[in-house]
1. Would you mind telling me which numbered condition in (1) modelled with pLDDT of 90 or more; (2) touching a Leu at 6+ places or on another chain (Cβ under 6 Å) Ile94 fails?
2. Are any residues in the stretch 185-226 among the hydrophobic types (A, V, I, L, M, F, W, C) and not in a helix (DSSP H, G or I), and if so, which ones?
3. Which residues, counting only those in the stretch 1-39, are of a type in the set (Gly, Ala, Ser) and either assigned to a helix (DSSP H, G or I) or over 19 Å from Leu203 (Cβ atoms) (or both)?
4. For the stretch 278-292, indicate whether the set of residues that are at pLDDT below 85 and polar (S, T, N, Q) is non-empty.
5. Could we say that Ser170 is modelled with pLDDT under 90 and in contact with a helix residue (DSSP H, G or I) (Cβ under 9 Å, 6 or more places away or on another chain) here?
6. Does the stretch 77-108 hold any residues that are under 22 Å from Cys191 (Cβ atoms), touching a helix residue (DSSP H, G or I) at 6+ places or on another chain (Cβ under 8 Å) and in a loop (DSSP other than H, G, I, E, B), and which are they?
7. For the stretch 341-358, name all the residues that are in contact (Cβ under 8 Å) with a residue 12 or more places away in the chain and not polar (S, T, N, Q).
8. Of all residues in the stretch 262-315, how many are within 16 Å of Glu227 (Cβ to Cβ) and in contact with a Ser or Thr (Cβ under 7 Å, 6 or more places away or on another chain)?
Amino acid sequence: MDDYMFKTYVTDCKCVTEATSYLEILNYSEPSLNTVEEHRFRLDELPDEFNNFLHRRGAFAPPKLKQGVALLGGIRLILQQGAKHPETFSPRHISLSHKSYEDMVRVMRLPFRAIEGTSVVGPFYWAALDQDDDDPHLRMCPIGSEIIFRKSDVRKKGKTRGWELMLSHSFSTGITTGYAKGTDSSDMLQCIDHLKVCAAQVLHPLLLPIIILSHDLSAKNDQKQREAREWLRLLEHAVSMRDEVLPEEIRYIKESMVDLDQINRDLVECHSQVLWKRPQAYQEIIKSMEGSMQIFWEQAREILAYGGKGGEVDKLHRSMLARLEFYQAKLKGIENYAHTTLERLSIQRAALYNIIAQKESKLGLTMAGEQRRLAHAAKRDSTSMKTLSLLGAIFLPATYLASVFSMTFFNFQAQSGGDSGGSSSSGGGGGNDEGPTVSPDLWIYFVITIPLTMVIVLIWRWWDRRRERIYAREDADIEKGIDEMEVQIMENMRKRAMSKQRTWTAEGRPSPTWTQTKSFPG
């Protein structure tokens, strides 16, 4: 089943190209024969060099040892350090050709299951002992140790990040074979340098995984948490608007106003930084490593080549277990530290929401005030219209009556006649000139027009005053409702807002003002 699934997964994978090298560390009973070699494969010049390394042929053939000299152990790795291709850690991608990858896994006894973990984002760790009675290489002790250790982050700036490690340890020869790959963002290059320094200890198969774990949990992880806590302190000063404002906090204040957008973005970024390399995941990794180390030592302590209890491998084994316990305690402290930071971030986020709610309430009150002012402006405009209406009320009756009296039913035209009794012009004789005449009945127009206009104006004035009283009562009710709404909103805001009254002094004692207003039970 494993063979079929391995072939299927390899066939489905896409191939990318990465610079490939090898590392070979071999320790002998004669220290002068020990070798530590790392070189780049020259496939353009020597096409068979990769296969020669896998099968230990040609330049990679085991040396002929003198009588009494034995191979104590070693490690042989195919390396792809500083992987560059943007898809190198994408799902269903391998950085060797299909044939080279399959040959590497089969010849070096690497885990078939590793190809099924290309979509793992990690950190991921798996180890097991495989039985293979048909393998003559393992016939003395037909047990092999398989290790998969991988971490692949999501894309950043269009590129994948992470590292990958596959190992297989033979208890019969003490040689660990494997494949290691890492991008520039990983510490794979430093880990390999660290491994070369510890060349005398490569008999333990978990040496390289623990070196990688050590670099992954370096002081940079602690520094990230410290930086997040310092960032949080600046955000707390900005959100709570404490009296003292540090120079670093000026970026949150623009023209005496808190920049809520910047604070909100920084809260999100700070939260993300706290979640960087979550301790819980690495705690599970360490537990799995401790289990695999126990399985390894149960098999190795009975083999003479490993020195048994009290030997060098046993001392290294106990030292590595102690280091794992140290990392467990360290991660537990980071977990508690990060939990406190996250809780404080939640408090600041809630406070920020309250501030935003207050500003929204104030904005609503401002809009209500503006609407009220617009209503009063409209009311003033209606007063102007009222004046025009008054003028119309004054002149409309006269206009109406003038129209009525201009009808032929009334005749106020002057009567012409030679003997009408008009006086002659001075110095003249008795001529027939006619001057302007006024109808003696003109008073009828004024007698009717003036009282009618006064009646209309009085009726309009009475109706307008009645309407003003109604509007005044309505305005009073509106003002009363706005005042009550404002009082209620401000009361709710005071309940939710953070009090600026200090409850704890800088010396670590309760504030006197607070203790005077607070009483404790008993």
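The values are calculated or read from the model by the stated rules, or taken from the named source; none is laboratory data. This is a predicted model, so every value here is computed, not measured. Cβ placement follows ideal geometry from the backbone for every residue including glycine, while neighbour counts extend to all protein chains displayed.
1. (2)
2. Those that are among the hydrophobic types (A, V, I, L, M, F, W, C) and not in a helix (DSSP H, G or I): Cys198, Val202, Leu203, Leu206, Leu217.
3. Ala19, Ser21, Ser32
4. No: the stretch 278-292 contains no residue that is at pLDDT below 85 and polar (S, T, N, Q).
5. Here the answer is yes, as Ser170 does meet what is asked.
6. Scanning the stretch 77-108 gives Leu96, Met108.
7. Of everything in the stretch 341-358, those that are in contact (Cβ under 8 Å) with a residue 12 or more places away in the chain and not polar (S, T, N, Q) turn out to be Leu342, Arg344, Leu345, Arg349, Ala351, Leu352, Ile355, Ile356, Ala357.
8. Matching residues across the stretch 262-315 total 1.
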